[in-house]
1. Suppose we keep only residues that are open to solvent by 10 Å² or more (accessible area, probe 1.4 Å) and not β-branched (Val, Ile, Thr) within the range 142-152. Which one would you say is nearest to ARG276 (Cα to Cα)?
2. Being over 17 Å from ASN307 (Cβ atoms) and in contact (Cβ under 8 Å) with a residue 24 or more places away in the chain is the filter; apply it to the range 347-363 and report the residue that is most open to solvent (accessible area, probe 1.4 Å).
3. Among the residues of the range 89-122, which ones are within 31 Å of the chain's Cα centre (by Cα) and either surrounded by fewer than 14 Cβ atoms within 10 Å (Cβ to Cβ) or among the aromatic types (Phe, Trp, Tyr) (or both)?
4. Does at least one position in the range 195-212 carry a residue that is surrounded by fewer than 21 Cβ atoms within 10 Å (Cβ to Cβ) and either at pLDDT below 95 or charged (D, E, K, R) (or both)?
5. Could you check GLU139 against (1) open to solvent by less than 50 Å² (accessible area, probe 1.4 Å); (2) over 16 Å from the mean Cα position of the chain (by Cα) and say which number it fails?
6. Within the range 260-295, how many residues turn out to be in a loop (DSSP other than H, G, I, E, B), touching a Leu at 6+ places or on another chain (Cβ under 7 Å) and open to solvent by less than 60 Å² (accessible area, probe 1.4 Å)?
7. Taking the range 153-177 as the region of interest, how many residues are farther than 30 Å from LYS118 by Cβ and open to solvent by 10 Å² or more (accessible area, probe 1.4 Å)?
8. Just wondering, is there one or more residues in the range 361-371 that are in a helix (DSSP H, G or I), under 22 Å from VAL189 (Cβ atoms) and modelled with pLDDT of 80 or more?
Amino acid sequence: MASYFCPCPRGMEAALAEELGEIAQQSRTMKVHNQVPGGVHCSGDLLDSYRINLHSRIASRVMMRMGVSGYQNENDIYDLVLAQSWEDWFTYDHTIRVDVTAVKSPLKSLEFTTLKIKDAICDRFRDQFNKRPSVDTREPDMRIVGFLDKTQFIIYLDTSGEALFKRGWRTETGDAPLRENLAAGLLRVSGWKPGVPLFDPMCGSGTILCEAAQMVQGVPPGARRRFAFEAFNDFDPAPWQAMKAAIKPNPLPTEPTIFGSDISGDMVAMTRHNLRSAGILFEVPLKQIEAQEVKAPTEQPGILLTNPPYGERIGVRGDSTLPEDELATSFYAAFSSTLKQRFAGWTVFLFTADLGLPKLLRLKEARKTPFFNGALECRLFRFDMVAGFNRREAAKPKAE
């Protein structure tokens, strides 16, 4: 059995642990362990790493632990890396890249630590074969990741290759695209499930819609891309092909349940293109319309989930002579009125780096969940849009 660490966007650890638990139900060997800031530990056989890479929408990578030890200095790190049987997994003809992350490590230079890890791997091959792998920082065959805390060092071999949010379908993006695994995590945290109406009125390049549509269709996120484990020395393609062949797509919906719109016609066209590239075979109705003008796309209430623009993007078709904060104030005042008047019964989720958004909307959030979009601190604000009478009732003090 191998130990794995699956990193994810910060704040998504519980959602990832839940997802990994669902993936583990397909396996007799996979177990989910503890959540830590930035990821989840799990274990299983090598096929379980294939399984997570294929099915996880929220993980950023699947990293296999090669060794772990305490350390005093860089030489201890070198010794641990040198002792690992790298030649069991790849050859000196493969290119490598080494990355190091640290939390409260006493070591002075992560660059020097990275160099020591690279030297140890190369020395191991040189000692055995008199040849060493080359470094390729852009498109390496193998990625090796070191993690340091105050007292412990862990060395991992990445089974994924390119980050898992790169699904293999995206060819076009807008100015500030949401990463696919973050969009998938937001869908899970919102409680959305296939069949429930979903609307993104500021869809940008369509990341939230594409993720949701793949879930509806039963397309695993890793179905259309390659992984680093396919280049491992003893990779057996038969169980991997069997795993992919076992995928059973869901019946296509007969009525649309996923809807999108955007102020920009270019973005609507981009979303349409990305849905096609993602292999979506059913209709996702899209409109070019300002968010303040939208109407609920179904009679049945559902979930409105969007990553609203902020700053300059709000003024795509606004008056550019207005200061940015005035633009935002007028935009959100109008959008708030639309939500109150036209989305009674809907649950609204807004994911934003603007932590003052509820004040701009003049709405009280039912919940706010902190997440990070890269290094940017964000919130997922939830607003429960109740009908006018119920809203007044809810505001009354409750009898003791």
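1. Only one residue tops the list, namely ARG143.
2. Of everything passing the filter in the range 347-363, ARG362 is most open to solvent (accessible area, probe 1.4 Å).
3. Correct list: TRP89, PHE90, THR101, VAL103, LYS104, PRO106, SER109, GLU111, PHE112.
4. no
5. (1)
6. Adding up the residues that qualify gives 2.
7. 8
8. At the first step, the residues of the range 361-371 found to be in a helix (DSSP H, G or I) are 361.
From what's left, under 22 Å from VAL189 (Cβ atoms): 361.
Right, trim to modelled with pLDDT of 80 or more and you get 361.
Yes, because at least one residue in the range 361-371 is in a helix (DSSP H, G or I), under 22 Å from VAL189 (Cβ atoms) and modelled with pLDDT of 80 or more.
The values are calculated or read from the model by the stated rules, or taken from the named source; none is laboratory data. Everything numeric in this text was worked out from a predicted model, so none of it was measured. All Cβ positions, even for glycine, are placed from backbone atoms using ideal geometry, and neighbour counts span all protein chains on display. Surface areas here come from the heavy atoms of the whole protein model, side chains and all, with no ligands, DNA or RNA. Shrake-Rupley method; radii C 1.70, N 1.55, O 1.52, S 1.80 Å.
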